[in-house]
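The block underneath contains the structure these notes are about, expressed in structure tokens.
The values are calculated or read from the model by the stated rules, or taken from the named source; none is laboratory data. All values reported here derive from a predicted model rather than from experimental measurement. Methodologically, a virtual Cβ is constructed for each residue, glycine included, from the backbone with ideal geometry; neighbour enumeration extends over all protein chains shown.
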């Protein structure tokens with residue numbers, strides 16, 4: 001007997017979508033569960049690394065749904081940043097054209113895998129409907145004295161003409177291009193995270209691996225000092 005998996009899987013995916021199987025609806029009779037995985041950069045097509053990151057979250061979301069929870073599991077695309085822009089520039093394509101074409105392709109790929117995402121709640125970070133809320137949050141932080149301007153030494157990439165995070169610099173070079181990175185003093189925006197350092201450094205109830213705890217601790221940057 002021949003099993004046409006392409007036809008069978010497509011038929012069931014269409015049925016799931018028509019039934020709204022994975023759409024999150026208001027249901028006060030069920031306990032709520034919010035699931036989220038890392039949003040991919042739309043700089044190309046999906047690869048095994050994407051599914052490596054998504055599969056555990058997808059499996060847990062299904063497990064919680066089977067336990068009777070009302071599961072909200074959205075998906076989106078982290079479309080602001082160097083990976084998508086660099087990929088577009090290398091191909092001589094305008095970044096928005098390249099980015100949205102990749103989003104369409106990656107969405108279709110996710111759907112072909114039968115993922116449990118609620119696509120009605122898709123978020124795209126370069127969409128004005130999305131980033132207006134990032135701007136709103138920033139304004140509130142500024143009004144609350146939690147965002148301020150100051151000078152500091154940064155990792156500057158002459159090749160990319162931008163600042164890189166410490167995690168993006170390996171042995172003095174940009175991890176993506178392999179080009180040298182220099183130390184440069186620049187005026188920039190800061191968030192006053194240290195005001196909440198003690199609270200943020202409390203990992204009680206969070207079962208994170210040690211490397212992640214160390215990374216979070218370094219990001220928060222709590223330190224002891226003295227006025228001179």
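Set side by side, the residues 118, 108 differ, and just one is in contact with a strand residue (DSSP E or B) (Cβ under 8 Å, 6 or more places away or on another chain) and either in the same structural domain as residue 46 (by TED's automatic domain parsing) or over 24 Å from residue 44 (Cβ atoms) (or both), which is 118.
With respect to the conditions (1) farther than 23 Å from residue 13 by Cα; (2) touching a residue at least 60 places away in the same chain (Cβ under 8 Å); (3) part of a loop (DSSP other than H, G, I, E, B), residue 83 lacks only one, and its number is (3). Could you tell me whether segment 4-23 includes any residue that is surrounded by 14 or more Cβ atoms within 10 Å (Cβ to Cβ), over 22 Å from residue 81 (Cα atoms) and touching a strand residue (DSSP E or B) at 6+ places or on another chain (Cβ under 7 Å)? Among the residues of segment 4-23, not one is surrounded by 14 or more Cβ atoms within 10 Å (Cβ to Cβ), over 22 Å from residue 81 (Cα atoms) and touching a strand residue (DSSP E or B) at 6+ places or on another chain (Cβ under 7 Å), which makes the answer no. Checking each residue in segment 104-140 for being under 21 Å from the mean Cα position of the chain (by Cα) and closer than 23 Å to residue 190 by Cα picks out 125, 126, 130, 131, 132, 133, 134, 135, 136, 137, 138.
Residue 192 meets the stated requirement of being surrounded by 12 or more Cβ atoms within 10 Å (Cβ to Cβ), farther than 30 Å from residue 88 by Cα and touching a strand residue (DSSP E or B) at 6+ places or on another chain (Cβ under 9 Å).
Suppose the filter is in a helix (DSSP H, G or I) and in contact with a strand residue (DSSP E or B) (Cβ under 6 Å, 6 or more places away or on another chain); does residue 61 pass it? Here the answer is yes, as residue 61 does meet what is asked. Considering segment 86-111, the residues that are at pLDDT below 90 and loosely packed, with under 15 Cβ neighbours inside 10 Å include one that is nearest to residue 14 (Cα to Cα), namely 91.
So, residue 9, is that one farther than 30 Å from residue 176 by Cα, touching a residue at least 24 places away in the same chain (Cβ under 8 Å) and outside the structural domain of residue 168 (by TED's automatic domain parsing) or not? Spelling it out, residue 9 is indeed farther than 30 Å from residue 176 by Cα, touching a residue at least 24 places away in the same chain (Cβ under 8 Å) and outside the structural domain of residue 168 (by TED's automatic domain parsing).
For segment 70-101, the set of residues classified as over 16 Å from the mean Cα position of the chain (by Cα) and closer than 28 Å to residue 21 by Cβ consists of 70, 71, 72, 100, 101, listed by residue number.
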